[in-house]
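Working notes, beginning with the structure itself.
The values are calculated or read from the model by the stated rules, or taken from the named source; none is laboratory data. What you see is a predicted model, and the numbers here were worked out from it, not measured in a lab. We place every Cβ from the backbone using ideal geometry, glycine too, and count neighbours over all the protein chains shown. Protein only, heavy atoms only, side chains kept; ligands, DNA and RNA dropped before computing areas. Shrake-Rupley method; radii C 1.70, N 1.55, O 1.52, S 1.80 Å.
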Amino acid sequence: MAPSHALRCCKRALNWIPVIFINLVVGWSYYAYVVELCVYTIPNNPERISYLVLFHIFFTMFIWSYWKTIWSKPESPSKAFCLPRAEKELFEREERAETQQEILKKVAKNLPVYTRTAGGAVRYCDHCQVIKPDRCHHCSTCEMCVLKMDHHCPWVNNCVGFSNYKYFVLFLTYATLYCVVICATVIQYFLKFWTKVLPDTHAKFHVLFLFFVAALFFVSVLSLLGYHLWLVGKNRTTIEAFRAPVFANGPDKNGFSLGFKRNAAEVFGDQGKYWMFPVSSNLGDGHSFVTRLVHIDPERANGILQQNGKSPADGKPDPCVHGNNIQHTADDSKGNIEGGQTDSVKVENEQ
(Lines give C-alpha, C1' and ligand atoms only; values in the text may rest on other atoms or scores of the structure.)
Protein backbone atom coordinates (compact mmCIF):
# COMPACT_ATOMS: atom_id res chain seq x y z
CA MET A 1 0.00 0.00 0.00
CA ALA A 2 2.81 2.41 0.90
CA PRO A 3 4.71 2.12 -2.42
CA SER A 4 1.44 2.45 -4.33
CA HIS A 5 0.52 5.60 -2.39
CA ALA A 6 4.00 7.03 -2.93
CA LEU A 7 3.82 6.39 -6.67
CA ARG A 8 0.42 8.05 -6.84
CA CYS A 9 1.74 11.13 -5.02
CA CYS A 10 4.74 11.29 -7.37
CA LYS A 11 2.46 11.02 -10.38
CA ARG A 12 0.27 13.85 -9.10
CA ALA A 13 3.34 16.00 -8.51
CA LEU A 14 4.70 15.28 -12.00
CA ASN A 15 1.35 16.28 -13.51
CA TRP A 16 2.04 19.85 -12.42
CA ILE A 17 5.22 20.11 -14.51
CA PRO A 18 3.43 21.37 -17.69
CA VAL A 19 1.54 23.96 -15.60
CA ILE A 20 4.76 25.14 -13.96
CA PHE A 21 6.42 25.37 -17.38
CA ILE A 22 3.61 27.52 -18.79
CA ASN A 23 3.70 29.81 -15.76
CA LEU A 24 7.48 30.20 -16.03
CA VAL A 25 7.19 31.15 -19.71
CA VAL A 26 4.37 33.61 -18.97
CA GLY A 27 6.29 35.06 -16.01
CA TRP A 28 9.37 35.57 -18.16
CA SER A 29 7.28 37.11 -20.97
CA TYR A 30 5.87 39.59 -18.46
CA TYR A 31 9.36 40.58 -17.31
CA ALA A 32 10.72 40.79 -20.87
CA TYR A 33 7.83 42.96 -22.08
CA VAL A 34 7.34 45.27 -19.11
CA VAL A 35 10.96 45.72 -18.00
CA GLU A 36 13.24 44.99 -20.95
CA LEU A 37 10.99 46.40 -23.68
CA CYS A 38 8.86 49.11 -22.07
CA VAL A 39 11.29 50.38 -19.42
CA TYR A 40 14.69 49.97 -21.12
CA THR A 41 13.96 50.01 -24.86
CA ILE A 42 10.97 52.23 -25.71
CA PRO A 43 12.24 55.83 -25.73
CA ASN A 44 9.06 57.91 -25.17
CA ASN A 45 6.43 57.82 -22.43
CA PRO A 46 3.22 58.00 -24.53
CA GLU A 47 4.17 54.86 -26.46
CA ARG A 48 5.39 53.15 -23.30
CA ILE A 49 2.18 53.87 -21.37
CA SER A 50 -0.13 52.85 -24.21
CA TYR A 51 1.75 49.56 -24.65
CA LEU A 52 1.64 48.83 -20.92
CA VAL A 53 -2.11 49.50 -20.67
CA LEU A 54 -2.92 47.32 -23.69
CA PHE A 55 -0.59 44.56 -22.53
CA HIS A 56 -2.00 44.39 -19.00
CA ILE A 57 -5.61 44.19 -20.19
CA PHE A 58 -4.96 41.03 -22.19
CA PHE A 59 -2.48 39.66 -19.65
CA THR A 60 -5.09 39.95 -16.88
CA MET A 61 -7.82 38.25 -18.91
CA PHE A 62 -5.42 35.52 -19.99
CA ILE A 63 -4.26 34.72 -16.45
CA TRP A 64 -7.80 34.97 -15.07
CA SER A 65 -9.26 32.48 -17.55
CA TYR A 66 -6.21 30.19 -17.30
CA TRP A 67 -6.40 29.81 -13.53
CA LYS A 68 -10.17 29.48 -13.60
CA THR A 69 -9.67 26.51 -15.94
CA ILE A 70 -7.10 25.00 -13.58
CA TRP A 71 -8.97 25.42 -10.31
CA SER A 72 -12.53 24.69 -11.44
CA LYS A 73 -13.17 21.23 -10.05
CA PRO A 74 -14.72 18.83 -12.59
CA GLU A 75 -18.33 17.98 -11.78
CA SER A 76 -19.31 14.35 -11.32
CA PRO A 77 -22.78 12.78 -11.61
CA SER A 78 -25.18 13.32 -8.72
CA LYS A 79 -26.30 10.40 -6.58
CA ALA A 80 -29.48 10.23 -8.67
CA PHE A 81 -27.40 8.17 -11.12
CA CYS A 82 -26.26 5.67 -8.49
CA LEU A 83 -28.13 2.38 -8.33
CA PRO A 84 -30.75 2.18 -5.58
CA ARG A 85 -29.83 -0.17 -2.75
CA ALA A 86 -31.94 -3.13 -3.86
CA GLU A 87 -30.83 -2.92 -7.50
CA LYS A 88 -27.22 -2.39 -6.45
CA GLU A 89 -27.22 -5.57 -4.37
CA LEU A 90 -28.76 -7.55 -7.23
CA PHE A 91 -26.26 -6.07 -9.69
CA GLU A 92 -23.25 -7.01 -7.54
CA ARG A 93 -24.50 -10.56 -6.92
CA GLU A 94 -25.36 -11.17 -10.57
CA GLU A 95 -22.60 -12.70 -12.71
CA ARG A 96 -24.39 -12.71 -16.07
CA ALA A 97 -23.85 -9.56 -18.13
CA GLU A 98 -27.29 -9.84 -19.73
CA THR A 99 -29.07 -9.80 -16.38
CA GLN A 100 -26.90 -6.92 -15.17
CA GLN A 101 -27.96 -4.97 -18.25
CA GLU A 102 -31.62 -5.61 -17.47
CA ILE A 103 -31.08 -4.13 -14.01
CA LEU A 104 -29.35 -1.09 -15.47
CA LYS A 105 -32.07 -0.58 -18.09
CA LYS A 106 -34.76 -0.72 -15.41
CA VAL A 107 -33.07 2.08 -13.47
CA ALA A 108 -31.95 4.08 -16.54
CA LYS A 109 -35.45 4.35 -18.01
CA ASN A 110 -36.35 6.59 -15.06
CA LEU A 111 -33.43 8.93 -15.73
CA PRO A 112 -32.79 11.50 -18.49
CA VAL A 113 -30.30 9.15 -20.18
CA TYR A 114 -30.60 8.63 -23.94
CA THR A 115 -27.17 7.51 -25.15
CA ARG A 116 -25.81 3.97 -25.10
CA THR A 117 -22.56 2.14 -25.73
CA ALA A 118 -21.66 1.07 -29.26
CA GLY A 119 -23.27 -2.30 -28.48
CA GLY A 120 -26.49 -0.69 -27.25
CA ALA A 121 -25.86 -1.26 -23.53
CA VAL A 122 -26.52 1.23 -20.75
CA ARG A 123 -23.32 3.17 -20.04
CA TYR A 124 -22.20 2.22 -16.53
CA CYS A 125 -18.94 3.08 -14.77
CA ASP A 126 -17.61 0.18 -12.72
CA HIS A 127 -15.05 2.42 -11.00
CA CYS A 128 -17.50 5.09 -9.82
CA GLN A 129 -20.46 2.64 -9.67
CA VAL A 130 -22.78 5.07 -11.39
CA ILE A 131 -24.90 5.13 -14.55
CA LYS A 132 -23.22 7.66 -16.80
CA PRO A 133 -25.34 10.66 -17.79
CA ASP A 134 -25.31 11.62 -21.46
CA ARG A 135 -21.91 13.01 -22.54
CA CYS A 136 -20.30 11.91 -19.25
CA HIS A 137 -17.07 9.88 -19.34
CA HIS A 138 -14.62 8.46 -16.83
CA CYS A 139 -11.20 10.14 -16.64
CA SER A 140 -8.48 7.71 -15.61
CA THR A 141 -6.17 10.59 -14.64
CA CYS A 142 -8.68 12.37 -12.39
CA GLU A 143 -10.10 8.97 -11.32
CA MET A 144 -13.69 10.16 -11.58
CA CYS A 145 -16.59 10.47 -14.02
CA VAL A 146 -16.75 13.98 -15.50
CA LEU A 147 -19.94 15.61 -16.74
CA LYS A 148 -19.79 16.55 -20.45
CA MET A 149 -16.13 15.59 -20.52
CA ASP A 150 -14.17 17.08 -23.42
CA HIS A 151 -10.64 15.88 -22.64
CA HIS A 152 -8.00 15.84 -19.94
CA CYS A 153 -5.58 18.70 -20.58
CA PRO A 154 -2.04 18.30 -19.20
CA TRP A 155 -1.36 22.03 -19.67
CA VAL A 156 -3.96 22.87 -17.02
CA ASN A 157 -3.61 19.57 -15.10
CA ASN A 158 -7.36 19.26 -15.07
CA CYS A 159 -10.26 17.70 -16.91
CA VAL A 160 -12.00 20.05 -19.32
CA GLY A 161 -15.73 19.47 -19.10
CA PHE A 162 -19.07 20.99 -18.18
CA SER A 163 -17.74 23.00 -15.23
CA ASN A 164 -14.86 24.74 -17.02
CA TYR A 165 -15.21 24.36 -20.81
CA LYS A 166 -16.13 28.03 -21.20
CA TYR A 167 -13.04 29.01 -19.19
CA PHE A 168 -10.89 26.75 -21.36
CA VAL A 169 -12.13 28.33 -24.61
CA LEU A 170 -11.59 31.81 -23.15
CA PHE A 171 -8.11 30.76 -22.02
CA LEU A 172 -7.25 29.80 -25.61
CA THR A 173 -8.84 33.02 -26.90
CA TYR A 174 -6.93 35.33 -24.58
CA ALA A 175 -3.71 33.35 -24.98
CA THR A 176 -4.00 33.96 -28.73
CA LEU A 177 -4.75 37.67 -28.26
CA TYR A 178 -1.92 37.95 -25.71
CA CYS A 179 0.51 36.62 -28.31
CA VAL A 180 -0.95 38.94 -30.97
CA VAL A 181 -0.43 42.00 -28.75
CA ILE A 182 3.16 41.01 -28.01
CA CYS A 183 4.03 40.33 -31.68
CA ALA A 184 2.33 43.50 -32.95
CA THR A 185 4.04 45.81 -30.47
CA VAL A 186 7.45 44.12 -30.33
CA ILE A 187 8.05 43.63 -34.06
CA GLN A 188 9.43 47.13 -34.76
CA TYR A 189 12.01 46.78 -31.99
CA PHE A 190 12.70 43.20 -33.03
CA LEU A 191 13.61 44.47 -36.52
CA LYS A 192 15.71 47.33 -35.11
CA PHE A 193 17.73 44.93 -32.96
CA TRP A 194 17.96 42.40 -35.80
CA THR A 195 19.26 45.01 -38.28
CA LYS A 196 21.51 46.58 -35.60
CA VAL A 197 19.72 49.93 -35.75
CA LEU A 198 19.60 49.75 -31.98
CA PRO A 199 22.84 49.05 -30.08
CA ASP A 200 23.41 45.69 -28.46
CA THR A 201 22.13 45.86 -24.88
CA HIS A 202 20.95 43.37 -22.31
CA ALA A 203 17.42 43.93 -23.66
CA LYS A 204 18.30 42.60 -27.12
CA PHE A 205 18.13 38.93 -26.21
CA HIS A 206 14.81 39.33 -24.37
CA VAL A 207 13.15 41.30 -27.19
CA LEU A 208 14.31 38.92 -29.94
CA PHE A 209 13.40 35.81 -28.00
CA LEU A 210 10.09 37.29 -26.86
CA PHE A 211 8.96 37.79 -30.46
CA PHE A 212 9.96 34.26 -31.50
CA VAL A 213 8.24 32.64 -28.50
CA ALA A 214 5.04 34.70 -28.93
CA ALA A 215 4.89 33.88 -32.65
CA LEU A 216 5.44 30.17 -31.99
CA PHE A 217 2.75 30.01 -29.30
CA PHE A 218 0.38 32.05 -31.49
CA VAL A 219 0.51 29.49 -34.31
CA SER A 220 0.02 26.50 -32.00
CA VAL A 221 -2.71 28.03 -29.82
CA LEU A 222 -4.60 29.53 -32.77
CA SER A 223 -5.04 26.12 -34.38
CA LEU A 224 -6.34 24.66 -31.11
CA LEU A 225 -8.67 27.64 -30.61
CA GLY A 226 -10.07 27.28 -34.11
CA TYR A 227 -10.78 23.60 -33.50
CA HIS A 228 -12.62 24.23 -30.23
CA LEU A 229 -14.65 27.10 -31.68
CA TRP A 230 -15.70 24.67 -34.41
CA LEU A 231 -16.69 22.17 -31.70
CA VAL A 232 -18.74 24.85 -29.92
CA GLY A 233 -20.55 25.66 -33.16
CA LYS A 234 -21.36 21.97 -33.67
CA ASN A 235 -22.15 21.34 -29.97
CA ARG A 236 -19.66 18.48 -29.77
CA THR A 237 -16.98 17.53 -27.34
CA THR A 238 -13.56 16.32 -28.47
CA ILE A 239 -14.60 12.79 -27.51
CA GLU A 240 -17.80 13.06 -29.56
CA ALA A 241 -15.87 14.40 -32.54
CA PHE A 242 -13.81 11.20 -32.62
CA ARG A 243 -16.54 8.81 -31.47
CA ALA A 244 -20.14 9.77 -32.19
CA PRO A 245 -22.64 9.38 -29.34
CA VAL A 246 -24.95 6.41 -29.84
CA PHE A 247 -28.71 6.97 -29.61
CA ALA A 248 -31.59 4.52 -30.06
CA ASN A 249 -31.38 5.02 -33.82
CA GLY A 250 -27.60 4.62 -33.95
CA PRO A 251 -24.52 6.87 -33.82
CA ASP A 252 -25.03 10.55 -34.62
CA LYS A 253 -22.26 13.16 -34.30
CA ASN A 254 -24.86 15.92 -34.65
CA GLY A 255 -27.21 14.44 -32.07
CA PHE A 256 -26.76 17.37 -29.68
CA SER A 257 -26.52 20.12 -32.31
CA LEU A 258 -29.40 22.60 -32.09
CA GLY A 259 -28.11 25.34 -34.42
CA PHE A 260 -25.14 27.65 -33.99
CA LYS A 261 -26.84 30.22 -31.75
CA ARG A 262 -28.22 27.67 -29.33
CA ASN A 263 -25.00 25.64 -29.39
CA ALA A 264 -22.94 28.68 -28.43
CA ALA A 265 -25.45 29.62 -25.72
CA GLU A 266 -25.04 26.21 -24.04
CA VAL A 267 -21.35 26.98 -23.48
CA PHE A 268 -21.32 30.77 -23.00
CA GLY A 269 -24.87 31.42 -21.77
CA ASP A 270 -27.75 33.41 -23.18
CA GLN A 271 -26.53 36.81 -21.93
CA GLY A 272 -23.85 38.24 -24.20
CA LYS A 273 -22.45 40.58 -21.54
CA TYR A 274 -20.92 37.57 -19.74
CA TRP A 275 -19.46 35.81 -22.77
CA MET A 276 -15.99 37.36 -22.66
CA PHE A 277 -15.48 37.00 -18.91
CA PRO A 278 -14.43 33.75 -17.17
CA VAL A 279 -17.49 33.61 -14.94
CA SER A 280 -20.09 30.85 -14.85
CA SER A 281 -22.86 31.51 -17.39
CA ASN A 282 -23.33 28.21 -19.25
CA LEU A 283 -26.79 26.68 -19.49
CA GLY A 284 -28.04 23.46 -17.91
CA ASP A 285 -26.70 21.29 -15.11
CA GLY A 286 -24.52 18.89 -17.12
CA HIS A 287 -26.80 15.90 -16.46
CA SER A 288 -29.41 16.25 -19.22
CA PHE A 289 -29.24 17.77 -22.69
CA VAL A 290 -31.79 18.70 -25.33
CA THR A 291 -31.07 16.74 -28.52
CA ARG A 292 -32.21 16.76 -32.13
CA LEU A 293 -33.60 13.26 -31.69
CA VAL A 294 -35.39 13.35 -28.33
CA HIS A 295 -37.06 16.24 -26.56
CA ILE A 296 -36.05 16.39 -22.94
CA ASP A 297 -38.22 18.80 -21.01
CA PRO A 298 -35.70 20.75 -18.85
CA GLU A 299 -38.17 21.25 -16.00
CA ARG A 300 -39.09 17.56 -15.92
CA ALA A 301 -35.44 16.50 -16.12
CA ASN A 302 -34.51 18.82 -13.26
CA GLY A 303 -37.47 17.52 -11.25
CA ILE A 304 -36.29 13.94 -11.66
CA LEU A 305 -32.75 14.84 -10.61
CA GLN A 306 -33.90 16.83 -7.58
CA GLN A 307 -36.22 14.05 -6.44
CA ASN A 308 -33.42 11.51 -6.83
CA GLY A 309 -30.74 13.24 -4.83
CA LYS A 310 -29.84 16.59 -6.36
CA SER A 311 -30.37 19.36 -3.87
CA PRO A 312 -32.76 22.01 -5.23
CA ALA A 313 -31.35 24.49 -2.77
CA ASP A 314 -27.86 24.90 -4.12
CA GLY A 315 -28.07 23.04 -7.41
CA LYS A 316 -24.84 21.17 -6.74
CA PRO A 317 -24.64 17.41 -7.31
CA ASP A 318 -24.21 15.35 -4.19
CA PRO A 319 -21.48 12.72 -4.09
CA CYS A 320 -22.56 9.19 -4.92
CA VAL A 321 -23.56 7.46 -1.71
CA HIS A 322 -23.30 3.70 -2.07
CA GLY A 323 -26.11 1.66 -0.63
CA ASN A 324 -28.73 4.39 -0.97
CA ASN A 325 -32.39 3.46 -1.20
CA ILE A 326 -33.52 6.14 -3.63
CA GLN A 327 -36.79 5.40 -5.37
CA HIS A 328 -36.63 6.47 -9.00
CA THR A 329 -39.80 7.94 -10.49
CA ALA A 330 -41.17 6.82 -13.81
CA ASP A 331 -40.51 8.95 -16.90
CA ASP A 332 -43.05 8.15 -19.59
CA SER A 333 -41.11 9.92 -22.30
CA LYS A 334 -38.29 7.41 -21.89
CA GLY A 335 -40.52 4.63 -23.10
CA ASN A 336 -40.87 6.30 -26.47
CA ILE A 337 -37.23 6.04 -27.34
CA GLU A 338 -36.97 2.50 -26.00
CA GLY A 339 -39.70 1.56 -28.44
CA GLY A 340 -37.86 3.13 -31.34
CA GLN A 341 -39.94 6.29 -31.57
CA THR A 342 -38.45 9.76 -31.60
CA ASP A 343 -40.01 13.10 -30.86
CA SER A 344 -39.26 16.29 -32.73
CA VAL A 345 -37.04 18.58 -30.77
CA LYS A 346 -38.47 21.71 -29.21
CA VAL A 347 -35.69 24.01 -28.06
CA GLU A 348 -36.39 25.80 -24.82
CA ASN A 349 -34.29 28.21 -22.84
CA GLU A 350 -32.85 26.71 -19.69
CA GLN A 351 -32.39 29.13 -16.89
Inset, instruction - Answer yes if at least one residue in region 178-192 is at pLDDT below 95 and of a type in the set (Lys, Arg), and no otherwise. - result: yes
Legend entry - Residues within region 56-90 that are without any contact (Cβ under 8 Å) to a residue 60 or more places away in the chain and among the charged types (D, E, K, R), tallied: 2
Inset, instruction - Identify all residues within region 76-96 that are open to solvent by less than 90 Å² (accessible area, probe 1.4 Å) and modelled with pLDDT under 90; write none if there are none. - result: Glu94
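Among the listed residues Phe162, Phe218, Phe171, Phe193, which satisfies the condition of being in contact with a helix residue (DSSP H, G or I) (Cβ under 7 Å, 6 or more places away or on another chain) and either closer than 30 Å to Pro77 by Cα or of a type in the set (Asp, Glu) (or both)?
Phe171
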Inset, instruction - For Ile70, work out the one condition from (1) open to solvent by less than 40 Å² (accessible area, probe 1.4 Å); (2) over 30 Å from Pro278 (Cα atoms); (3) of a type in the set (A, V, I, L, M) it doesn't fulfil. - result: (2)
Inset, instruction - Sort out for me the helices (runs of 4 or more DSSP H) sitting completely within region 182-301 that have 1 or more residues that are among the basic types (Lys, Arg) and under 16 Å from the mean Cα position of the chain (by Cα). - result: 202-234
